[in-house]
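Taking it in order: structure first as structure tokens, then the write-up.
The values are calculated or read from the model by the stated rules, or taken from the named source; none is laboratory data. The model shown is predicted, which means the values in this text are computed figures rather than measured ones. So basically every Cβ, Gly included, is an ideal-geometry build from the backbone, and we count neighbours across all protein chains shown. Please note that ligands, DNA and RNA were not included when accessible areas were found on the heavy atoms of the full protein model with its side chains. Shrake-Rupley method; radii C 1.70, N 1.55, O 1.52, S 1.80 Å.
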Amino acid sequence: MATTCVQIIPAEKGDASVLSQIALAAKAHWGYPARWLAEWREDLKISSEFIAQNPTFKAINFGGEILGFHALKKRAEVWWLEHLWVSPEQIGRGYGRALLQHAANLVRSQGAPCLTIESDPHAEGFYLRMGARRIGTVTRKIDGQTRALPLLVRDLFA
């Protein structure tokens with residue numbers, strides 16, 4: 001469980017490199033092949049422009065260390081959890097839960113009924129424990145293979 005020593009605050013443009021490193025390290029935590037990680041590098045790159053254009057928040061400890069982050073993106077009136085990553089050494093301490101709850105509260109405050117999540121298969125259990133439900137799958141190709149990624153939704157006014 002997370003300690004009370006975490007704050008969730010807006011990410012700044014200058015955080016882009018650190019957030020990108022966290023996303024890549026968290027993805028690598030699941031043991032994916034290096035060639036897959038190389039192919040995903042651009043998708044996991046957080047630019048200063050992305051931060052400026054999308055609600056992006058970081059979880060920090062009182063020393064200012066970034067422990068993880070989330071980013072939201074609105075597509076055709078639907079809010080998506082575009083990113084939620086926690087540094088691998090911080091996984092299991094409740095920071096992911098805090099970040100997801102923050103994202104849900106933010107989207108709820110915008111009047112949205114739900115938050116949509118395209119999940120990594122390894123993260124699906126986390127999202128289900130946090131109240132999301134599977135509504136389908138999204139197929140993605142990598143390295144000549146087709147992967148079925150869980151498509152989830154977390155209802156915000158249930």
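Under 25 Å between alpha carbons, and skipping anything fewer than 8 positions from residue 141 in its own chain: which lysines qualify?
Residue 141 reaches 27, 45, 73, 74.
How high is the relative contact order of the chain, in percent, with contacts defined as C-alpha pairs under 8 Å that are six or more residues apart?
Reported relative contact order: 20 percent.
With the dipole of segment 12-158 worked out from charges on the C-beta (+1 for Lys and Arg, -1 for Asp and Glu) around the Cα centre, which of 126, 51, 85 lies farthest toward the positive end?
The listed residue farthest towards the positive side: 126.
Along the Cα→Cβ direction, 7 angstrom out, place labels at residue 134 and residue 9. What is the inter-label distance in nm?
So the two model labels end up 3.9 nm from each other.
Give me, ordered by chain and number, the residues 5 or more places off residue 79 or on other chains with an amide H under 5 Å from its own placed amide H.
For residue 79, the qualifying residues are 116.
Suppose every Lys and Arg Cβ carries +1 and every Asp and Glu Cβ carries -1, with no other charges. What dipole size does the chain come out with about its Cα centre, to the nearest 20 debye?
Approximately 340 debye in magnitude.
Of the options 76, 137, 34, report the single residue whose Cα projects farthest towards the positive end of the charge dipole of the chain (beta-carbon charges: Lys, Arg +1; Asp, Glu -1).
The residue sitting farthest along the positive end of the dipole is 137.
Grab the DSSP H runs of the chain that are 4 residues or longer, score each as -39,500 (n - 2.57), total them, divide by all residues and round the 222 nm result to the nearest 500 deg cm²/dmol.
-9500 deg cm²/dmol
So for each of 27-40, 86-99 I average, over its residues, the number of other beta carbons within 10 Å; can you give me the resulting order with the highest mean first?
Taking the mean over residues of other Cβ atoms within 10 Å, the ranking is 86-99, 27-40.
When the dipole is taken about the Cα centre of segment 62-124, and only Lys, Arg (+1) and Asp, Glu (-1) are charged at their Cβ, what size is it in debye, to the nearest 20?
About 260 debye.
Rank these residues by their accessible area, most exposed first, probe 1.4 Å: 140, 147.
Final ranking, largest accessible area leading: 140, 147.
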